[in-house]
Structures are given as C-alpha cells and as structure tokens.
Amino acid sequence: MRMMLTASIPNEPFNSLVRSGEVGHIIRDILAELKPEATYFVEEDRFRIAMVPEDLGKAGLEALGKKWK
C-alpha cells in the first residue's frame, strides 16, 4: 500500500535554515531516515510545481542562503 504524507514547513525556521546553509542537510537526513519510495516538494495554494530531491538539490538553496545573509 502507498500513502501520501504532506508536511508543511513554516517560513520560519525554513528561511533561517536556508540562510545558515543547514536546510539541505536536514532534508537529506530526514529522507535518509524515512526511506520514501518517492519524494516531491510542492507549493500549495498556487501553481503546483513538483520537484524530486535532485531538482531541489539543483535549486541552489545554499547559494541563495549565502546571498540572503
């Protein structure tokens, strides 16, 4: 059986974790522990762009975090 887990990440602390460069490591650790068959990151209440972990990794969150510091 498959199931969908929806998790909501508040802007804070997410923005602070992006700025500090920690967000990628935290997401990778969570996914390593959960071992999901598939993972998608989506925006709610607007256009729904879905990204797999590789897409999110290519998004440049670390560079964006450095820019926001």
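The values are calculated or read from the model by the stated rules, or taken from the named source; none is laboratory data. No experiment lies behind these values; they were computed from the predicted model shown. Glycine gets a Cβ as well: all are built from the backbone with ideal geometry, and neighbour counts include every protein chain shown.
Screening the range 33-63 for residues that are in a loop (DSSP other than H, G, I, E, B) and of a type in the set (A, V, I, L, M, F, W, C) and picking the one that is modelled with the lowest pLDDT gives Phe47.
Could you tell me whether Ile9 is surrounded by 10 or more Cβ atoms within 10 Å (Cβ to Cβ), in a loop (DSSP other than H, G, I, E, B) and over 10 Å from the mean Cα position of the chain (by Cα)?
Working: surrounded by 10 or more Cβ atoms within 10 Å (Cβ to Cβ): yes; in a loop (DSSP other than H, G, I, E, B): yes; over 10 Å from the mean Cα position of the chain (by Cα): no.
The answer is no for Ile9.
Taking residues in the range 21-40 that are among the aliphatic types (A, V, I, L, M), and partners anywhere that are exposed (fewer than 14 other Cβ atoms within 10 Å of the Cβ) and part of a loop (DSSP other than H, G, I, E, B), the pairs with Cβ atoms closer than 8 Å and at least 6 places apart or on different chains are Ala38/Val52. Selection within the range 47-63: residues that are hydrophobic (A, V, I, L, M, F, W, C) and either touching a residue at least 60 places away in the same chain (Cβ under 8 Å) or exposed (fewer than 15 other Cβ atoms within 10 Å of the Cβ) (or both). The member of this set that is nearest to Ser16 (Cα to Cα) is Ala63. Looking at the range 12-29, can you tell me whether even one residue there is hydrophobic (A, V, I, L, M, F, W, C) and in a loop (DSSP other than H, G, I, E, B)? Checking the range 12-29: not a single residue is hydrophobic (A, V, I, L, M, F, W, C) and in a loop (DSSP other than H, G, I, E, B). Which condition number in (1) under 27 Å from Lys69 (Cβ atoms); (2) surrounded by 14 or more Cβ atoms within 10 Å (Cβ to Cβ) is the one that Tyr40 fails? Every condition holds for Tyr40 apart from (1).
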